[in-house]
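Following: one structure in structure tokens, then a few remarks.
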Amino acid sequence: MLCTVALQQRLKHALSNAIPDCPFPIGGTPLSRWSLTVNGLAHDICLKEERHNAFGSIKDRVAWYILSRSIQDDSARRAAREAGVVDASSGNYGYALASIGQAQGLKVTIVTSASISRFNAEGIRKAGAELVVAEALPGESSNHARMRVAAEIAQRDGLLFLDQYRNPMNPECHARWTAPEVLDGERFDAVLVAASSGGTARGFADYLDASRSETRLVLVEPEGSRAFVRPETDTTPPLTIPGYGSGRQSTFAEPAHLPGVVRISDVQVLAATVHLKDRGFPPIGLSSMGVVLGAVEWLQRASRPMRVVCICADGAERYEGEMNSRYLAGHDADQLARAGSEIAARLESLTSLST
């Protein structure tokens with residue numbers, strides 16, 4: 001089952017409880033509200049803007065939640081203090097963990113891939129953490145390579161391996177913290193998240209199941225991602241946006257009833273980012289833009305006015321420095337222009353409802 005009886009009981013007991021003892025301004029991020037007319041129906045699209053967390057992303061929650069709970073017992077705390085901690089990350093989690101470690105006086109090692117954004121790589125190093133780039137073995141996904149190398153370093157150097165990609169505290173963080181913060185007291189027809197490596201998606205799925213909510217969970221992935229659902233064909237485009245999709249099935253992809261999945265390509269994400277940059281839209285990150293486009297696509301099938309919420313994982317500042325040289329340069333200009341024209345037409349009625 002998606003959520004065992006024991007987990008349901010734990011979640012029901014915890015849903016009304018805030019996450020205690022966090023010394024950083026993490027959580028309580030704003031919800032901006034927008035209106036969009038699709039096929040003659042006016043819908044409300046809300047953005048949960050996680051860029052407003054202390055270190056700029058939804059991964060701030062996960063890094064604090066896993067770290068703080070992993071060092072609660074004396075032996076783990078002693079190991080972390082004496083040797084340090086290590087974990088794998090595509091970028092945002094590593095940035096958050098390095099920043100938290102710096103503030104807590106902990107040595108942190110982050111294992112990443114060559115695709116990490118310059119912003120996150122520089123931020124991790126500035127926070128005093130060691131940054132290791134994992135090289136994938138033949139046939140190995142970059143995600144698996146990060147996990148493998150992090151485990152090897154932990155074994156070799158005696159570091160505490162937090163193992164965010166397999167740690168059940170990852171989705172639990174969202175089930176206990178992010179999801180109730182978004183959904184308690186608010187009525188939404190659907191909540192949309194980037195499938196990514198699966199922690200956020202699974203956490204929201206567990207919360208919705210435990211609370212018996214009628215809100216639908218919709219996952220947004222790029223064409224080549226297989227975090228929850230395998231691509232329809234073996235010929236799929238490469239993943240070019242860090243933290244948007246995953247080349248392997250998520251450890252947390254165990255729902256009894258698979259959530260809805262919407263595929264939004266990297267080209268569409270980039271075209272929308274360019275289109276909305278100077279139009280007063282919040283400066284959300286690339287995967288977040290994919291989630292917003294996923295909402296627009298999902299609303300194409302609506303037969304009545306809907307109210308949906310998009311979980312926007314980070315901000316545009318993480319990508320702006322490489323937008324032209326890396327992200328846009330990797331795609332055909334004509335294809336981007338066509339996607340931009342289609343998106344401009346779809347988003348023509350987009351209007352802010354926030355004061």
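Using only Cα atoms, tell me the angle between helix 92-104 and the longest principal axis of the chain; keep it within 0 to 90° and round to the nearest 10.
In the chain, helix 92-104 runs at an angle near 40 degrees to the longest axis.
Calculate the spin-label point distance for Gln72 paired with Asn39, positioning each point 7 Å from the Cα along the beta-carbon direction, and give it in nanometres.
Here the answer is 4.7 nm between the modelled labels.
Using per-residue counts of other Cβ atoms within 10 Å, averaged over each peptide, order 276-283, 195-202 from highest down.
Put in order of decreasing packing, that is 195-202, 276-283.
Please give the helix 266-276 orientation as an angle from the longest Cα principal axis of the chain, in degrees from 0 to 90, rounded to the nearest 10.
70 degrees
Over the chain, average the accessible area per residue using a 1.4 Å probe and give it in Å², no decimals.
Numbers: 15330 Å² over 355 residues.
Counting only protein heavy atoms, the per-residue value for the chain is 43 Å².
Find which of Tyr327, Cys310, Ala337 sits farthest along the positive direction of the dipole of the stretch 300-340, computed with +1 on the beta-carbon of Lys and Arg, -1 on that of Asp and Glu, about the Cα centre.
Working it through, the farthest residue towards the positive pole turns out to be Cys310.
For the stretch 308-355, what does the alpha-carbon gyration tensor say about shape, rounded, prolate or oblate, given a ≥ b ≥ c as the root eigenvalues, a/c under 1.5 as rounded, and a/b over b/c as prolate?
Numbers: a/c = 2.72, a/b = 1.28, b/c = 2.12.
Judged from the Cα gyration tensor, the stretch 308-355 comes out oblate (a/c at least 1.5, b/c at or above a/b).
For the stretch 56-201, which whole-number percentage of the solvent-accessible area (1.4 Å probe, protein heavy atoms only) is attributable to carbon and sulfur atoms? List each step's numbers first, then the result.
Working: 2520 of 5360 Å².
Answer for the stretch 56-201 is 47 percent, counting heavy atoms of protein chains only.
Sequence gap of 8 or more, or different chains, plus Cα separation below 24 Å: how many lysine pairs satisfy both in the chain?
Eligible lysine pairs with Cα atoms under 24 Å apart amount to 8.
Could you order peptides 175-183, 99-107 by the average number of other Cβ atoms within 10 Å of their residues, highest first?
Highest to lowest by the protection proxy: 175-183, 99-107.
Considering the Cα trace of the stretch 155-291, what is its radius of gyration and what is Dmax, both in angstroms?
So, for the stretch 155-291, Rg and Dmax equal 16.0, 51 Å respectively.
May I ask you to evaluate 6.51 cos²θ - 1.76 cosθ + 1.60, the Karplus curve with θ = phi - 60°, for each residue of the stretch 290-304 and list the ³J(HN,Hα) values in order in whole Hz, giving x for glycine and proline?
x, 5, 4, 5, x, 5, 4, 5, 5, 6, 4, 9, 6, 10, 8
Let me spell out the model: positive unit charges on the Cβ of Lys and Arg, negative unit charges on the Cβ of Asp and Glu, origin at the Cα centre of the chain. What dipole size does that give, in debye rounded to 20? Don't skip to the end; give the middle numbers.
On the way: 37 positive and 40 negative charges, 95 e Å.
That gives the chain a dipole magnitude of about 460 debye.
Is there a quick way to get the dipole size of the stretch 152-198? I mean about its Cα centre, with the Cβ of Lys and Arg at +1 and of Asp and Glu at -1; what is the value in debye to the nearest 20?
Using only the charged Cβ atoms, the result is roughly 100 debye.
Based on the alpha carbons, how large is the Rg to Rh ratio for the chain when Rh follows Kirkwood?
Over the Cα atoms of the chain, Rg/Rh equals 0.95.
Just the number, please: carbon plus sulfur as a percent of the accessible area of the stretch 205-349, 1.4 Å probe, no ligands or DNA/RNA counted.
Of the solvent-accessible surface of the stretch 205-349, carbon and sulfur hold 46 percent.
Under a Cβ-only charge scheme (Lys and Arg +1, Asp and Glu -1), can you give me the dipole magnitude of the stretch 237-355 about the Cα centre, in debye to the nearest 20?
380 debye
Along the charge dipole of the chain, pointing to its positive end and built from +1/-1 on Cβ of Lys, Arg, Asp and Glu, which listed residue (Val85, Gly139, Ser113) has its Cα farthest out?
In the chain, that residue is Val85.
The values are calculated or read from the model by the stated rules, or taken from the named source; none is laboratory data. On a predicted model such as this, the values are computed, not experimentally measured, just so you know. Cβ: placed from backbone, ideal geometry, glycine included. Neighbour counts: every protein chain shown. What goes into the accessible areas is simple: the full protein's heavy atoms, side chains included, and nothing from ligands, DNA or RNA. Shrake-Rupley method; radii C 1.70, N 1.55, O 1.52, S 1.80 Å.
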